[in-house]
């Protein structure tokens, strides 16, 4: 390849060379999606023409229809390839340097997490019958903070009723046309999560007749779609008269309630399976700052008692 190579061609070769079989299939598909979007935005752009202005233009177009975090992921994918192009001397400078990442603001109308009272209302309308259902799945996510694919990958053997725990050692690759068990997001995602006795009893009651090595919530021969489960959650939220939240929002709800209850950031990070505490701090910065302000008041009151 040379500097006259199309940016799309270079990026396609780059993900094939450096990412295929080096990252999880679900991650590789994200790179493939980035390539598809790049092809739509700049199909004729050569490496020679990828300067800071052109690169910023690509980001701006993408940001017109995506939130900032999604645009940031898109930027990280492209920038990694461009840095290699600089190392390969196909580019003289990094065109992504000082790029401004924008995105549409959906945060004001999208509920990220529920309050404790709203969560209580949601729990009160769940139908927890004798067979495993999406209502049981929703309950498990609320009580465990597991990721969607992690909860789908749970089997009866992962439930320890004596210790009241679930063990996360795998996920379910629901996005694949041939779904099956898959590795966890990272090594830190492999963990044991403690649950309350009531939740364990409810889950135990619906897994007793299920094969110990098969997913609890995935029916044999059937695919699971994120939107289908979100649809059921939407119905439950409407029945409870609370703001609609997403399945991933239940994970945020779980973490935020623990933080407000005084659980340490380190413990929450381990429970969520974050690779490091920094991820937790960034994700829940607004809550941590609020709690720190409360701590400042406590500190002052404590100091005032010193005589």
Practice task
Go through (1) farther than 23 Å from residue 29 by Cβ; (2) free of Cβ contacts under 8 Å to residues at least 24 places away in the same chain; (3) touching a strand residue (DSSP E or B) at 6+ places or on another chain (Cβ under 8 Å) and name the single condition residue 170 misses.
Solution key: (1)
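Which one of 35, 47, 59, 6 is surrounded by 17 or more Cβ atoms within 10 Å (Cβ to Cβ), within 29 Å of residue 112 (Cβ to Cβ) and in contact with a helix residue (DSSP H, G or I) (Cβ under 9 Å, 6 or more places away or on another chain)?
Numbers: 35 fails: within 29 Å of residue 112 (Cβ to Cβ); 47 fails: within 29 Å of residue 112 (Cβ to Cβ); 6 fails: within 29 Å of residue 112 (Cβ to Cβ).
Among 35, 47, 59, 6, only 59 is surrounded by 17 or more Cβ atoms within 10 Å (Cβ to Cβ), within 29 Å of residue 112 (Cβ to Cβ) and in contact with a helix residue (DSSP H, G or I) (Cβ under 9 Å, 6 or more places away or on another chain).
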Exercise for the section: Report whether or not residue 111 is in a loop (DSSP other than H, G, I, E, B) and not assigned by TED's automatic domain parsing to the domain that holds residue 50. Expected result: yes
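Only one of 239, 201 is in a helix (DSSP H, G or I) and exposed (fewer than 14 other Cβ atoms within 10 Å of the Cβ); which?
None of the other options fit; the residue is 201.
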Problem - Selection count, segment 250-274, where residues are in a loop (DSSP other than H, G, I, E, B), on the phi < 0 side of the Ramachandran plot and surrounded by fewer than 14 Cβ atoms within 10 Å (Cβ to Cβ) - result: 3
Practice task
Would you confirm whether any residue within segment 179-187 is assigned to a helix (DSSP H, G or I), at pLDDT below 95 and either under 18 Å from residue 268 (Cβ atoms) or within 18 Å of the chain's Cα centre (by Cα) (or both)?
Solution key: yes
Exercise for the section: Could you please let me know if residue 146 is surrounded by 17 or more Cβ atoms within 10 Å (Cβ to Cβ), over 30 Å from residue 75 (Cα atoms) and in the same structural domain as residue 250 (by TED's automatic domain parsing)? Expected result: no
Exercise for the section: Determine which member of the set 151, 132 is part of a helix (DSSP H, G or I) and closer than 30 Å to residue 243 by Cβ. Expected result: 151
Problem - Any helices (runs of 4 or more DSSP H) falling wholly within segment 1-103 and containing at least 2 residues that are at negative phi and under 21 Å from the mean Cα position of the chain (by Cα) - result: 25-41, 52-63, 68-87
Handout entry: For residue 227: the one exception among (1) more than 18 Å from residue 132 (Cα to Cα); (2) exposed (fewer than 12 other Cβ atoms within 10 Å of the Cβ); (3) over 20 Å from the mean Cα position of the chain (by Cα)
Key = (3)
Fill in the blank from the handout: Counting only residues that are surrounded by 14 or more Cβ atoms within 10 Å (Cβ to Cβ) and closer than 26 Å to residue 227 by Cα, segment 175-194 contains a total of 10
Handout entry: The lone exception for residue 146 - which of (1) more than 16 Å from residue 271 (Cβ to Cβ); (2) in a loop (DSSP other than H, G, I, E, B); (3) at pLDDT 95 or above it fails
Key = (1)
Completion exercise
Exception for residue 128 within (1) under 15 Å from residue 207 (Cβ atoms); (2) buried (at least 20 other Cβ atoms within 10 Å of the Cβ) falls at (2)
Practice task
Considering (1) outside the structural domain of residue 11 (by TED's automatic domain parsing); (2) part of a helix (DSSP H, G or I); (3) crowded, with 20+ Cβ neighbours inside 10 Å, say which one residue 123 fails and leave the rest.
Solution key: (3)
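The values are calculated or read from the model by the stated rules, or taken from the named source; none is laboratory data. As the structure is a prediction and not an experimental result, all values here were calculated from the model. Ideal geometry is used to build each Cβ from the backbone, glycine not excepted, and the neighbour counts take in all protein chains shown.
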